[in-house]
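Here's the structure we're looking at; comments come further down.
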Amino acid sequence: MQTGERDFPTAERVETAVAALAGPGWGVIDDFLPSSLWQALADSAQRRLAAGEFRAASIGRGGRVQTVIRGDTIRWLEAGDADAAERDFFTLVERLRQAINRRLWLGLLDFECHYARYPAGARYRRHLDRPHRRTERTVTLVCYLNAGWRAEEGGALRLYLDEDRSVEVLPQGGRAVVFLSERFEHEVLPARRPRLALTGWYRQRLHGGRVI
Ligand SMILES: O=C(O)CCC(=O)C(=O)O
Ligand SMILES: [Fe+2]
């Protein structure tokens, strides 16, 4: 951590995320990232976008680009070329990883994440991040990087809780959503303005295509 202010999320917010996963399996945590950090991350994303580092996202493993299903462009974060804000983010997600493992025994080994930018009108249709345990992805963490988002701008994450219930979460800067990747289908609704997020997954080990 570089500054006291970046020393987030506080133990309380980490605890909220862990309790959400242990209880309903999902949760929304406002101000999970302090404004200094999410704004710095938004700047980093814009810089990487301007440098041409984003690519159209594909579907599934080695999948094809299908913008009807998924219209965002992404840039994976790499520890090797991370800037100061991105390194702070890695420190925070490591803290949460350890807290989850202590409480939930999920055996999370690591974390992969990318920036995702949805141009106005783009969406990501209903899907599961971990279909049939075929991927290592166990816990999804999405952190939003958008200043002053208004409800009428759309772009909510719709999370399907069960057969008849869903919640819609606006991509407000600093807000995080966590959920168990194999349990909750979700979709990104189209927005009226570009929508930026840092999306990541804590992973378990896969062995012969199955989790051990
Ligand atoms: O940006 C979001 O709210 C969710 C993105 C998502 O579902 C994904 O990248 O798998
Ligand atoms: Fe997803």
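Some notes on this structure:
- The chain: calculated mean residue ellipticity at 222 nm from DSSP helix runs of at least 4, using -39500 (n - 2.57): -7500 deg cm²/dmol
- For the chain, the longest piece that avoids every one of the GluC sites (Glu not before Pro) found in DSSP loops with at most 12 other C-beta atoms within 10 Å covers 79-162.
- Percent accessible area from carbon and sulfur atoms, the range 11-211, protein chains only, probe 1.4 Å: 48 percent
- Relative contact order of the chain, defined on C-alpha pairs under 8 angstrom at six or more residues apart (%): 27 percent
- Helical segments meeting 20 Å axial Cα length and Kyte-Doolittle -0.5 threshold in the chain (DSSP H): 35-50, 84-104
- When the trypsin sites (Lys or Arg not before Pro) in the range 117-212 are filtered for DSSP coil states and for at most 13 other beta-carbon atoms within 10 Å of their beta-carbon, the remaining sites are 150, 165, 192, 205.
- Residues in the chain average 49 Å² of solvent-accessible surface per residue, probe 1.4 Å, ligands and nucleic acids excluded.
The values are calculated or read from the model by the stated rules, or taken from the named source; none is laboratory data. These figures come from a predicted structure and were not determined experimentally. Here Cβ is always computed from backbone atoms with ideal geometry, including for glycine, and neighbour counts include all displayed protein chains. Each accessible area value is taken on the protein alone, full model and side chains, heavy atoms only, with ligands, DNA and RNA left out. Shrake-Rupley method; radii C 1.70, N 1.55, O 1.52, S 1.80 Å.
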